[in-house]
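The values are calculated or read from the model by the stated rules, or taken from the named source; none is laboratory data. Quick caveat, the model's predicted, so the values are computed rather than measured. Note that each Cβ is placed from the backbone with ideal geometry, even for glycine, and that neighbours are counted across all protein chains shown.
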Amino acid sequence: MKAIVIGAGISGLSCAYLLKKEGFDVTVLEKETQNGGKIQTIQENGLLIEAGPNGFLYNETTIKFIEQTGFLKNLIKAKQSSNRKFIYDGRLYEIPTKQQKLLIDNFLSIKSKLALLKEPFVKPNPNDETVAEFVTRRLGKEFLDKLIGPMSLGIYAADPYSMSITSNFKRIKEIELKYGSLIKGLVSLMKQKKANTSSASGQFAKELYSFKEGMQSFTDHIAKSVNVLNKQNVVSIEKASKYVVYTNIDRFEADIVVFTAPSFEVAKIIQNLDNKLSKSLVNIPYSPIVLVALAFSKKFANKVVDSYGYLFDLNKIDKTIGVLFDSSIFENRSPEDRFLVRMFLGGALRPSVVQKSNFEILQIALAELQRSAKIFAPFEYYKIIKYTSAIPQYLLNHKEIIKQIQEFESKNTGLYFLGNAFYGVGFNDCISNSYNLIKTIKSI
């Protein structure tokens, strides 16, 4: 049987690889000249700069896939220094590894500490709600501003006042509904030793991993194992005895077609099949992000540089939503005499930043490092990358969009939706969803 996969990001490549293993004749159609989607690694001036994600948290399914593709030898674990993480709330507060310390020090107010003690007695809400509503209801606004809000920005670059708790942090909502309390649930799960998986969907985290030559080395490796045709901009699809996929330069027939491109691209492709779903897909918002990479002489490094980095209290955000010290996270990201910083600006809370000139963005980034990290050194290298549509946002209507997709798939056997616009934005999510799709296809 012939299969077409539209999009050569990690979702498309992992899906194509697994389909090929199942005996399908697979072709991947990719609009761009380069594969990997947002996973891109730049190597310049002795620096290894991730233009997208810099790694992933340990996940059994992901490790299994890496081993299956023969790339396990290239896996590297994050440095010990990456365990140090900060929140900037007017000062850089180091997040304790033991959460009990939050009840002792002065990071949270007495009111918030009391709210934490009262959390087991807060009545669960069976309905979906925003992340802000969920956190404020269960823990109070300060927990939102200082911990959960910054985490939401760090993962999704999203506005916690509009993002769905169920669609973004499904596991957390499940814990509330099953145990009646987050604290009760976490204690129970820890006792059961089930708190050892991770994804961007609200599960517990373990070690951070990447690859020796960066994340793109893995997507490049998979792409060599499957048939990828680049510069193939898919414009439409027709339903006949087989599915006919039209690109800007060619046409392809297939028994199954898997959409892994951004939702706004998929919307155009399926418009003639389902105009209502097409409109819903167009309306999935994407947050804009500006990445600023800066390299400094190691002689100007202070103690905070020897850490993973930091996020911002929602009340202290100017235009930067996160700062990562990549040299302290993984080996071989910069020469020994330099340290590499990656900064993320914009997101859903500051979307206009992406419209600013590179000069303005550079000034904003340097000013932020001076304000929050007390780094006043002259930079030796910089790179700015703008993403007008970086990360899809799962709002309160996301469950309804997923329902529409499922109805579409049931009416059009052989058409499937995959990719980070639908079932999870993380690296682990994308690979896990590919395995799930293979199970679905095999069951038909």
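Numbers for the structure displayed
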| quantity | calculated |
| --- | --- |
| Selection count, region 135-168, where residues are in contact with an Asp or Glu (Cβ under 8 Å, 6 or more places away or on another chain) and either more than 23 Å from residue 353 (Cβ to Cβ) or aliphatic (A, V, I, L, M) (or both) | 7 |
| Residue list for region 39-58, filter: part of a strand (DSSP E or B) and either buried (at least 16 other Cβ atoms within 10 Å of the Cβ) or of a type in the set (Val, Ile, Thr) (or both) | 41, 42, 47, 48, 49, 50, 56, 57 |
| Residue in region 189-203 that is at pLDDT 90 or above and either within 20 Å of the chain's Cα centre (by Cα) or assigned to a strand (DSSP E or B) (or both) present | no |
| Residue in region 292-305 that is within 17 Å of the chain's Cα centre (by Cα) and not assigned by TED's automatic domain parsing to the domain that holds residue 159 present | no |
| Test: residue in region 285-303 that is surrounded by fewer than 17 Cβ atoms within 10 Å (Cβ to Cβ), over 28 Å from residue 421 (Cα atoms) and either among the hydroxyl-bearing types (Ser, Thr, Tyr) or in contact with a helix residue (DSSP H, G or I) (Cβ under 6 Å, 6 or more places away or on another chain) (or both) | yes |
| Selected residue (criterion: surrounded by the fewest Cβ atoms within 10 Å (Cβ to Cβ)) from residues of region 21-38 that are among the acidic types (Asp, Glu) and within 18 Å of residue 249 (Cβ to Cβ) | 32 |
| Every pair of residues 6+ apart whose Cβ atoms lie under 7 Å, when the first sits in region 59-75 and is part of a helix (DSSP H, G or I) while the second is basic (Lys, Arg) and modelled with pLDDT of 95 or more | 74/212 |
| Qualifying residue in region 256-265 (condition: at pLDDT 95 or above, over 28 Å from the mean Cα position of the chain (by Cα), buried (at least 17 other Cβ atoms within 10 Å of the Cβ) and farther than 30 Å from residue 76 by Cβ) | no |
| Test: residue in region 151-174 that is part of a helix (DSSP H, G or I) and over 21 Å from the mean Cα position of the chain (by Cα) | no |
| Residue satisfying condition, being free of Cβ contacts under 8 Å to residues at least 40 places away in the same chain and surrounded by 18 or more Cβ atoms within 10 Å (Cβ to Cβ), within set 132, 158 | 132 |
| Those residues of region 76-93 which are over 22 Å from the mean Cα position of the chain (by Cα) and either part of a strand (DSSP E or B) or on the phi > 0 side of the Ramachandran plot (or both), in sequence order | 90, 92, 93 |
| Conditions (1) in contact with a Lys or Arg (Cβ under 8 Å, 6 or more places away or on another chain); (2) in the same structural domain as residue 10 (by TED's automatic domain parsing); number of the one not met by residue 69 | (1) |
| Scan of region 207-250 for residues that are out of contact with any strand residue (DSSP E or B) (no Cβ under 6 Å at 6 or more places or on another chain) and of a type in the set (Lys, Arg), ordered by number | 224, 231, 239 |
| Counted residues, region 127-143 - those being part of a helix (DSSP H, G or I), closer than 20 Å to residue 287 by Cα and out of contact with any Lys or Arg (no Cβ under 9 Å at 6 or more places or on another chain) | 1 |
| Neighbours by Cβ (under 6 Å, 6+ apart or cross-chain): first from region 166-194, outside the structural domain of residue 426 (by TED's automatic domain parsing); second outside any helix (DSSP H, G or I) and among the acidic types (Asp, Glu) | 166/128 |
| Residues within region 1-32 that are more than 20 Å from the chain's Cα centre (by Cα) and assigned to a helix (DSSP H, G or I), tallied | 6 |
| Output for region 108-126, where each listed residue is part of a helix (DSSP H, G or I) and without any contact (Cβ under 8 Å) to a residue 60 or more places away in the chain | 110, 111, 112, 113, 114, 115, 117, 118 |
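The rows are residues; the columns are (1) touching a strand residue (DSSP E or B) at 6+ places or on another chain (Cβ under 7 Å); (2) exposed (fewer than 15 other Cβ atoms within 10 Å of the Cβ); (3) of a type in the set (Lys, Arg); (4) outside the structural domain of residue 387 (by TED's automatic domain parsing).
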residue: 278; (1), (2), (3), (4): no, no, no, yes
residue: 316; (1), (2), (3), (4): yes, no, yes, no
residue: 348; (1), (2), (3), (4): yes, no, no, no
residue: 361; (1), (2), (3), (4): yes, no, no, no
